[in-house]
Amino acid sequence: MSIENMLDEIAGQAKLFQLCTKDLMDQAKAIVRKDGFKEKLNKVYITGCGDSYFAGIATRDTFIRYAGVHTEVYQALEFSRYICNNGEVDDRAMVISVSSSGKVSRSVEALLRAKECGALSVAVTANSDGPLAKAAVETMAIHIPASVALVPGTQSYAASQLALTCIALALGEELGTISSNKAKETLEYLDRIGECMKKTVEANYELIGKYVDEYYDSIHLYHLLGGGPNVATANFGTMKLLEAAGFDSIPQGIEEWAHSQYFTTRPGVHNVTIVPMGESRDRAFEVMHAVRVMDGKVIAIAEEGDTEVWQHADMVWPICGLNNIKEEFSHFVYAIPLEILAAHLGNKGGEGGILKFAQKPWVKTENFQQIYGSKIVSLAERNGSK
């Protein structure tokens, strides 16, 4: 993995909105317009593993706000082995399983079991012929450019979030929760988010590179904090630091940090707090003050013109090109500085997590066996073995 390849992958996210949104929206409308579906729908479940799971967490509030449907998000094992077994999943539910590769065993199992429960099972995947699509009643195909090298996925994460957002908007329009004009306005707003992503990449590449050059040898640990949809951003950022740099970090909700990682904050611990305009903003400022009390480094990700945040942070990684970003869509762009951080750390350290795939191929073999080769057990098989 080269830093250039990863940065190309990061920058490519901005194009997804123009390239994919219309197609994804057309697919979403076709799925939610199934005869008799809207009359009985009472719940949406979103499930997946890793980045796909985080895409569900990021868009949960969009489903609630724009579709008006009770929505729950579960890691795939929790959903398939526990939620599907408690009698709650039935023909009144839509279950969306997200996997860009379309091959993740637990995500396939989750959708298979959901279908056995009678739910409308929907695969969101870039692999329309893969096991996930074959387990689904409906498939939403996401189309992302092929990576030029083995790099941590960023475009796949953005595309999965966009696909889920389109389902939420299509569902809201079909159920009458939002008007056609509101859906159209929201899609136009997402185009502006795409431009914001492009400018944010440009603003942060050198800035974060200089930060890594200055502090690399003294960084012991990162705490990545977010609230609401950006709990997902903190978790996703942690994944990229692991994959690109083999660098451990702790993702945490803003509130929970005060009850936990506060006690392990010390010099060498860098706290990156995601601070959009939104509900957790005031709490973020209180937590950033506490980081200083504990002698940690305070870094904020915030809008470029947000002068208030500078009163609480040692440095700010700016979100550029759009003011007062709607919090329910902030997760698209607030992940970018963390992606760039991962790229620079990987470039500096030279031994990123997925680099071991090239250096030690048996590590890749075992990893792929864990993710793609795990045994899938249907509900029928499970109940038959009792």
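Cβ-Cβ distances below 8 Å connect no pair with a first residue in the range 200-218 that is within 10 Å of L341 (Cα to Cα) and free of Cβ contacts under 8 Å to residues at least 40 places away in the same chain, a second residue that is surrounded by fewer than 19 Cβ atoms within 10 Å (Cβ to Cβ) and of a type in the set (K, R), and a separation of six or more residues or different chains. Could you look through the range 352-386, keep only residues that are exposed (fewer than 14 other Cβ atoms within 10 Å of the Cβ) and either touching a strand residue (DSSP E or B) at 6+ places or on another chain (Cβ under 9 Å) or hydrophobic (A, V, I, L, M, F, W, C) (or both), and pick out the one that is modelled with the lowest pLDDT? Per the stated criteria, the residue is A358. Say we look at the range 165-182 and pick out the residues that are assigned to a helix (DSSP H, G or I) and in contact with a Gly (Cβ under 7 Å, 6 or more places away or on another chain); which of these is surrounded by the most Cβ atoms within 10 Å (Cβ to Cβ)? Top of the filtered list is G172.
Annotation for the range 303-321: at least one member residue is more than 21 Å from H344 (Cβ to Cβ), in a loop (DSSP other than H, G, I, E, B) and acidic (D, E).
Scanning the range 148-199 for residues being closer than 11 Å to T21 by Cβ, among the β-branched types (V, I, T) and under 19 Å from the mean Cα position of the chain (by Cα) gives a total of 2.
Selection over the range 110-142 of residues that are charged (D, E, K, R) and more than 26 Å from G36 (Cα to Cα) gives a count of 1. In the range 49-76, the residues that are in contact (Cβ under 8 Å) with a residue 24 or more places away in the chain reach residues that are buried (at least 24 other Cβ atoms within 10 Å of the Cβ) and among the acidic types (D, E) with C-beta atoms within less than 8 angstrom, at least six apart or across chains, in these pairs: A76/E109.
Contact map, the range 365-386: first residue free of Cβ contacts under 8 Å to residues at least 40 places away in the same chain and in a loop (DSSP other than H, G, I, E, B), second residue of a type in the set (V, I, T) and surrounded by 13 or more Cβ atoms within 10 Å (Cβ to Cβ), Cβ cut-off under 9 Å, separation 6 or more or different chains; pairs are S385/V377.
Is there a residue being crowded, with 24+ Cβ neighbours inside 10 Å and at pLDDT below 95 anywhere in the range 78-86? So far as the range 78-86 goes, yes, one or more of its residues are crowded, with 24+ Cβ neighbours inside 10 Å and at pLDDT below 95.
Taking the range 324-334 as the range and being outside any helix (DSSP H, G or I) and either β-branched (V, I, T) or in contact with a strand residue (DSSP E or B) (Cβ under 9 Å, 6 or more places away or on another chain) (or both) as the test, the residues that pass are N324, I325, S330.
Would you mention how many residues in the range 117-131 are over 17 Å from Y157 (Cα atoms) and either hydrophobic (A, V, I, L, M, F, W, C) or under 20 Å from the mean Cα position of the chain (by Cα) (or both)? Count: 4. Kindly check whether there is at least one residue in the range 87-102 that is over 24 Å from G153 (Cα atoms), out of contact with any strand residue (DSSP E or B) (no Cβ under 6 Å at 6 or more places or on another chain), basic (K, R) and assigned to a loop (DSSP other than H, G, I, E, B). Within the range 87-102 (the criterion being over 24 Å from G153 (Cα atoms), out of contact with any strand residue (DSSP E or B) (no Cβ under 6 Å at 6 or more places or on another chain), basic (K, R) and assigned to a loop (DSSP other than H, G, I, E, B)), the answer is yes, since at least one residue qualifies.
Considering the range 34-50, and only residues there that are surrounded by 12 or more Cβ atoms within 10 Å (Cβ to Cβ) and at pLDDT below 90, the residue that is farthest from A133 (Cα to Cα) turns out to be K38. Against the numbered list (1) modelled with pLDDT of 85 or more; (2) in a helix (DSSP H, G or I); (3) over 23 Å from the mean Cα position of the chain (by Cα); (4) over 30 Å from C117 (Cα atoms), L338 comes up short only at (3).
This table checks each residue for (1) in contact with a Ser or Thr (Cβ under 9 Å, 6 or more places away or on another chain); (2) over 17 Å from F332 (Cα atoms); (3) not aromatic (F, W, Y).
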{"residue": "R81", "(1), (2), (3)": "no, yes, yes"}
{"residue": "S107", "(1), (2), (3)": "yes, yes, yes"}
{"residue": "L120", "(1), (2), (3)": "no, yes, yes"}
{"residue": "T125", "(1), (2), (3)": "yes, yes, yes"}
{"residue": "M140", "(1), (2), (3)": "yes, yes, yes"}
{"residue": "G153", "(1), (2), (3)": "yes, no, yes"}
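You will find that of T62, T47, the residue that is touching an Asp or Glu at 6+ places or on another chain (Cβ under 9 Å), hydroxyl-bearing (S, T, Y), closer than 30 Å to F368 by Cα and not in a loop (DSSP other than H, G, I, E, B) is T47 and no other. Taking the condition closer than 19 Å to P318 by Cα and either under 19 Å from the mean Cα position of the chain (by Cα) or surrounded by fewer than 21 Cβ atoms within 10 Å (Cβ to Cβ) (or both), does V293 pass? Answer is no for this residue. Here the range 103-128 is the region considered, the condition is being part of a loop (DSSP other than H, G, I, E, B) and of a type in the set (S, T, N, Q), and the residue that is nearest to D26 (Cα to Cα) is S128. Each residue in the range 318-351 was checked for being closer than 25 Å to L190 by Cβ and surrounded by fewer than 24 Cβ atoms within 10 Å (Cβ to Cβ), and 10 pass.
The values are calculated or read from the model by the stated rules, or taken from the named source; none is laboratory data. From a predicted model like this one, the values you see are computed outputs, not experimental measurements. So basically every Cβ, Gly included, is an ideal-geometry build from the backbone, and we count neighbours across all protein chains shown.
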